[in-house]
1. Name every residue in the stretch 290-303 that is of a type outside the set (D, E, K, R) and either part of a loop (DSSP other than H, G, I, E, B) or within 22 Å of LEU262 (Cα to Cα) (or both), in order of residue number.
2. Do you know which of the residues in the stretch 57-72 that are closer than 14 Å to ILE6 by Cβ and among the aliphatic types (A, V, I, L, M) is surrounded by the most Cβ atoms within 10 Å (Cβ to Cβ)?
3. Might you let me know whether the stretch 270-287 holds any residue that is assigned to a helix (DSSP H, G or I), small (Gly, Ala, Ser) and in contact (Cβ under 8 Å) with a residue 40 or more places away in the chain?
4. Among the residues of the stretch 223-269, what is the count of those that are outside any helix (DSSP H, G or I), over 20 Å from VAL177 (Cα atoms) and hydroxyl-bearing (Ser, Thr, Tyr)?
5. Quick one: is GLN146 part of a helix (DSSP H, G or I), of a type in the set (S, T, N, Q) and under 21 Å from LYS74 (Cα atoms)?
6. Using the structure shown, decide if ASN103 is closer than 13 Å to ALA217 by Cβ and polar (S, T, N, Q).
7. Pull up the stretch 55-95, narrow it to residues that are under 22 Å from LEU182 (Cα atoms) and charged (D, E, K, R), then point me to the one that is nearest to the chain's Cα centre (by Cα).
8. Among the residues of the stretch 93-112, is any in a strand (DSSP E or B) and closer than 20 Å to HIS187 by Cβ?
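The values are calculated or read from the model by the stated rules, or taken from the named source; none is laboratory data. Remember, predicted model here, so these are calculated numbers, not experimental data. All Cβ positions, glycine included, derive from the backbone under ideal geometry; neighbour counts span all protein chains shown.
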Amino acid sequence: MFTIAIHGGAGAVTRKTISNEEDPIFRAGLKAALDAAYDLLASGKSAVDAVELAIQCLENNPLFNAGKGAVYTKKGLHEMDASIMDGSNLKAGAIAGVRNVKNPVSLARKVMDQSGHVLLSGKGAGEFALQVKAEMESEEYFYTRQRYDQWLQVRHTDFYHLDHIGDETPDRKFGTVGAVALDQNGHLAAGTSTGGMINKQFGRIGDSPLIGCGTYANDDTCAISCTGHGEYFIRAVVAYDVSCLMEYKGLSLKEATEKVMLEKLKKMQAEGRLIGADAQGNISLCFNAAGMHRGFRKSTGEQLIALYGDE
């Protein structure tokens with residue numbers, strides 16, 4: 001038994017905000033990432049390998065707020081965050097505020113595997129990227145017209161927001177990406193990657209690179225990857241909270257994710273979205289927003305690719 005699940009962000013994902021022409025493009029992007037990671041798992045590779053590959057595919061797709069499609073900061077730069085965690089040994093790696101790194105999730109994995117640390121940020125993470133020969137790209141590589149136009153609307157203000165701000169925005173790209181996987185050896189892994197908030201200032205870091213907040217994996221419980229307003233996910237320690245409810249209260253994956261997402265975050269008046277997997281191959285795609293770009297594929301033949309809340 002093995003499985004892979006992914007998300008490509010959430011928010012104002014409705015049939016009104018996504019055109020008939022755009023719908024199949026989003027689905028094709030999700031399918032490509034799912035299929036690549038699924039084939040890797042089918043060949044016997046690890047959950048960590050599958051999570052990294054799935055997120056790489058999404059980072060390389062300009063539709064999503066990660067890697068090539070990352071949003072712009074207040075200074076007109078791309079500052080990216082990512083994390084990855086191995087549920088078999090609780091090792092993790094993360095990077096925050098990095099620039100010019102083609103695949104932030106792969107740098108996060110190198111932090112886990114080669115640095116002896118968990119989280120590197122800013123210039124230090126950049127120096128590490130050069131040391132381990134991470135694949136780098138110029139600023140031009142990360143440019144997309146829609147992201148640039150989106151930034152132009154707010155760059156002279158103190159306003160910052162998620163890359164999806166509601167039905168009124170002309171932008172049609174939705175956010176933070178992530179993956180969770182269960183491999184043939186029964187091991188779990190999770191990862192998350194993001195460009196953060198549009199027009200963000202002060203080196204702001206959200207939940208995506210913070211282990212236990214936006215990402216968590218433990219073979220004894222679950223693998224979780226989150227997307228949404230990072231400040232709330234940090235304060236609620238969302239990813240680890242799901243694991244704790246399973247470990248200490250005996251809740252199922254479905255029960256734990258719904259308690260955190262539909263009760264705890266709702267009380268905080270926060271929109272929330274997450275994907276989760278457990279060692280039995282169960283999948284949870286839980287959100288309290290209008291929709292979420294999401295999908296999963298299992299070795300049992302079950303599979304799903306969905307965008308809207310009513311799918």
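1. Just the residues of the stretch 290-303 that are of a type outside the set (D, E, K, R), to begin with: 290-293, 295-296, 299-301, 303.
Passing the criteria: ALA290, GLY291, MET292, HIS293, GLY295, PHE296, SER299, THR300, GLY301.
2. ALA66
3. Going residue by residue through the stretch 270-287, those that are assigned to a helix (DSSP H, G or I) are none.
No, the stretch 270-287 has no match at all.
4. Of the stretch 223-269, the ones outside any helix (DSSP H, G or I) are 223-229, 237, 250-252, 268-269.
Among the residues that remain, those that are also over 20 Å from VAL177 (Cα atoms) are: 250-252, 268-269.
Next cut, hydroxyl-bearing (Ser, Thr, Tyr) only: 252.
Total satisfying the criteria: 1.
5. So GLN146 fits the description; yes.
6. Values: closer than 13 Å to ALA217 by Cβ: no; polar (S, T, N, Q): yes.
Criteria not met by ASN103.
7. In the first step, residues of the stretch 55-95 are kept if they are under 22 Å from LEU182 (Cα atoms); the result is 55-59, 82-94.
Okay, now just the ones that are also charged (D, E, K, R), so 59, 86, 91.
On the way: GLU59: 10, ASP86: 15, LYS91: 18 Å.
Checking each candidate, the answer is GLU59.
8. Step one: list which residues in the stretch 93-112 are in a strand (DSSP E or B), which gives 93-98, 101.
The next check asks that each one be closer than 20 Å to HIS187 by Cβ; those that pass are 93-94.
Yes; the residues of the stretch 93-112 include at least one that is in a strand (DSSP E or B) and closer than 20 Å to HIS187 by Cβ.
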